[in-house]
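Structure, as structure tokens:
The values are calculated or read from the model by the stated rules, or taken from the named source; none is laboratory data. Predicted model only: the values in this text are computed from it and were never measured. All Cβ positions, even for glycine, are placed from backbone atoms using ideal geometry, and neighbour counts span all protein chains on display.
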Amino acid sequence: MDWRTYFEQRKVSADEAVSHINSGDRVVIGHACGEPSYLVDTMVAHAEDYENVEIVHMVAMGKCEYCKPGMEKHFRHHAFFVGGNTRDAINSGRGNFIPCFFYQVPETFHTTMPVDVAMVSVTPPDEDGNVSLGVSVDYDYEAIMSAKTVIAQVNDQMPFTYGKLIPVDKITYFVEHSSPIIELAPPKIGPVEEAIGKNCASLVKDGDTLQLGIGAIPDAVLMFLREKKDLGIHSEMFSDGVVDLVEAGVITNKKKTLNPGKFVANFLMGTKRLYDFVDHNPDVLMLPVDYVNHPVVVGHNDNLVSINSCVQVDLTGQVASESIGSKQISGIGGQVDFVRGAALSNGGRSIIAMPSTVKGKVSKIVPLLDEGATVTTSRTDVDYIVTEYGIAHLKGQSLRERARRLISIAHPDFRESLQAEYDKRFPQQFIGEYA
Ligand code: COA
């Protein structure tokens, strides 16, 4: 059948589309700023029609009404990531958190979590009958490929990005609805973030390829890269800060050893400025997460520098990034994918950067992680830890030396108590001449 005929025949209203969701189904929702909010809202409006629908989502940027109190009978939330909108649901039992490396999420659709319905956002079709997933290809691509039913919100405001287009016949129902793409405002950058940014930037060399996590710190790093040359991007995601460096001629992707000349990412979070930059931009490759984040693929980029953040680091270098004690506040995301990928990269470096304290009150460098805290990046994987007070290079260092280096970048108010813990833990008499 001609693709135009197929597309026309498969256009339905949102109400009709969500009527194809059945009680007990597993529904995978398009990720982050690619969430098909109109479809999600319509599904929630029909909550009374469903029992026990499992919602699988990662970074949830929408209203997340499916996990609000009162929805328990209709929806169960299964989260690969926990954010501001879903923390309460996960920690008060209205949802479950699934520990998973981001690059392995698509694989779960073929093993433990087969997909009944994928609900995604797409652009209108191009001349050849392909739609683009725009700002979110990540796990959306495999969800579409493996789902029994695919419902797509066709949004003419979604930027058309290249890399992995979807032929219209892979989609079961199309719901046309124009709406602005979810935006993430640039974070506020204060003096602490600036100092961290400067320290991280001192570890970046001309020609490096960067992975940047979410938040104020990666953005602050970008501000201090203006003097560098020929940087490249191979990152799970990127945001507006990258556009400034492209305009300043700093990011050229010329020196990349994998996908030279191209920005490589699997999702994007930013403002309309970023979305306009990527729209029909042949230099931007939006690809599935099982390629972009696979540590072996990451490692094919020489001089790959990854920059992510965390909640706590203990004196041996164990990094807790996703929980405060046993309370799940975030997820693994691509942190470990890129820490390990950077370790496989010739000349690669991985950086975990964080403010030395929580609002000046509590040290983030601690003798022991809080009881119940999850180790996200192990002390065997960790490379550089950076705070506003400096850089601690931990890889290849003894536990004793790691502790010394970490104390030297802790907030001065906490160094004495950390030193007292160090003295208890590493008594001199066992070391002799090597102390
Ligand atoms: N003790 C107590 N509370 C702490 C804390 C600590 N050691 N560290 C952070 N917090 C609190 C903050 O005060 C804040 O609370 P609030 O929301 O009530 O203000 C909350 O935890 C979030 O911390 P914040 O530092 O504001 O978060 P951030 O936006 O800078 O993100 C991470 C930091 C670690 C949560 C984030 O980088 C992350 O999710 N990392 C793991 C995933 C990852 O790296 N993915 C790769 C890139 S996508």
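Key figures
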quantity	calculated
Scan of segment 200-211 for residues that are surrounded by 16 or more Cβ atoms within 10 Å (Cβ to Cβ) and either more than 16 Å from the ligand (Cβ to nearest atom) or not in a helix (DSSP H, G or I) (or both), ordered by number	Ala201, Leu203, Val204, Gly207, Asp208, Thr209, Leu210, Gln211
Qualifying residue in segment 179-191 (condition: farther than 30 Å from Asn346 by Cβ, crowded, with 18+ Cβ neighbours inside 10 Å and away from the ligand (no atom under 16 Å from the Cβ))	yes
Among the residues listed as Pro159, Pro99, Pro114, Pro125, the single one being assigned to a loop (DSSP other than H, G, I, E, B) and in contact with a strand residue (DSSP E or B) (Cβ under 6 Å, 6 or more places away or on another chain)	Pro125
Some residue of segment 249-263 being crowded, with 23+ Cβ neighbours inside 10 Å, in contact with a Phe, Trp or Tyr (Cβ under 8 Å, 6 or more places away or on another chain) and closer than 19 Å to Val131 by Cβ	no
The one condition in (1) without any contact (Cβ under 8 Å) to a residue 60 or more places away in the chain; (2) surrounded by 13 or more Cβ atoms within 10 Å (Cβ to Cβ); (3) outside any helix (DSSP H, G or I) that Phe414 fails to fulfil	(3)
Matching residues in segment 222-238 - criterion: being at pLDDT 95 or above, outside any strand (DSSP E or B), under 21 Å from the mean Cα position of the chain (by Cα) and not acidic (Asp, Glu)	Ser235
Options Glu193, Glu142, Glu183: the member that is within 25 Å of Ile251 (Cβ to Cβ), out of contact with any Leu (no Cβ under 7 Å at 6 or more places or on another chain), among the charged types (D, E, K, R) and assigned to a helix (DSSP H, G or I)	Glu193
Tabulated pairs, segment 143-168, first buried (at least 21 other Cβ atoms within 10 Å of the Cβ), second in a helix (DSSP H, G or I) and β-branched (Val, Ile, Thr), C-beta under 7 angstrom, 6+ apart or interchain	Val150/Ile144; Pro159/Val278; Thr161/Val278; Ile166/Ile144
Residues of segment 382-398 classified as outside any strand (DSSP E or B) and under 20 Å from Ser330 (Cα atoms), total	1
Total residues in segment 362-384, condition within 11 Å of the ligand (Cβ to nearest atom) and among the acidic types (Asp, Glu)	1
Of the criteria (1) surrounded by fewer than 18 Cβ atoms within 10 Å (Cβ to Cβ); (2) in contact with a Lys or Arg (Cβ under 9 Å, 6 or more places away or on another chain), which one His280 fails	(2)
Every residue from segment 198-221 that is within 19 Å of the chain's Cα centre (by Cα) and of a type in the set (Gly, Ala, Ser)	Gly213, Gly215, Ala216, Ala220
Filtered residues of segment 62-121 (kept if in contact with a Cys (Cβ under 8 Å, 6 or more places away or on another chain), touching a residue at least 24 places away in the same chain (Cβ under 8 Å) and of a type in the set (Ser, Thr, Tyr))	Thr86
Candidates Val221, Val204, Val175 - the one that is touching a residue at least 60 places away in the same chain (Cβ under 8 Å), touching a Pro at 6+ places or on another chain (Cβ under 9 Å) and not basic (Lys, Arg)	Val175
